[in-house]
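Undergrad: Sharing a structure with you now.
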Amino acid sequence: MKIRKFSELLDLETFEERFEYLKLNGEVGRSTFGFDRYLNQNFYQSAEWKRARRTVIIRDNSCDLGIYGYEINHGLVVHHMNPMTSDDIVHGESWIFDPEYLICVTDRTHNAIHYGDASLLNIKFTQRSAKDTKLW
């Protein structure tokens, strides 16, 4: 499996290119952590994760896939670009906190990445212009 990195992602300019780089082609209903789900839940409550998450949100300006203009107003997820396992948590692998392997996404983009399904994406982007008063 290819190790995905934020520094490589930056070379990809479009939302679609970044999605293709990150998509995983998982299966709906497939268990990720199974009976070890408690490890995952404890991990996401840790101070170390919260610091890493805050760093990534600031770096990405709260933008989906780190692309300016795709601001996330609700449902922001900090996504591990490389799937994390319960062993990674148990062994305290440092990469799971490293911003080089993390990216901001919306919940919708997160699902699309995991299932490799571009139809889940909301990629329509309307450029705002001067005197544009219509909200959506």
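Undergrad: How do the helices (runs of 4 or more DSSP H) wholly within the stretch 39-136 filter down when requiring 1 or more residues that are farther than 20 Å from Phe15 by Cβ, modelled with pLDDT under 95 and not polar (S, T, N, Q): which remain?
TA: Passing ranges, in order: 86-90.
Undergrad: Ok, one more. Could you tell me which numbered condition Asn25 fails, if it satisfies all but one of (1) without any contact (Cβ under 8 Å) to a residue 24 or more places away in the chain; (2) under 17 Å from Leu121 (Cα atoms)?
TA: (1)
Undergrad: Residue check, Gly29 against (1) in contact with a Pro (Cβ under 6 Å, 6 or more places away or on another chain); (2) at pLDDT below 95, all met but one. Which one?
TA: Status for Gly29: all satisfied but (1).
For every residue, the table says whether it meets (1) surrounded by fewer than 16 Cβ atoms within 10 Å (Cβ to Cβ); (2) out of contact with any Leu (no Cβ under 9 Å at 6 or more places or on another chain); (3) over 18 Å from Ile113 (Cα atoms); (4) of a type in the set (Phe, Trp, Tyr).
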position: Phe43; (1), (2), (3), (4): no, yes, yes, yes
position: Arg53; (1), (2), (3), (4): no, no, yes, no
position: Ile58; (1), (2), (3), (4): yes, yes, yes, no
position: Leu65; (1), (2), (3), (4): no, no, no, no
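Undergrad: List every residue pair whose Cβ atoms sit under 8 Å apart, with the two residues 6 or more apart in sequence or on different chains, where the first one lies in the stretch 1-12 and is closer than 10 Å to Met81 by Cβ and the second, anywhere, is among the β-branched types (Val, Ile, Thr).
TA: Phe6/Ile103; Leu9/Ile103
The values are calculated or read from the model by the stated rules, or taken from the named source; none is laboratory data. Everything quoted here is computed from the prediction, not taken from an experiment. Please note: Cβ atoms are built from the backbone with ideal geometry, for glycine as well, and neighbour counts cover all protein chains shown.
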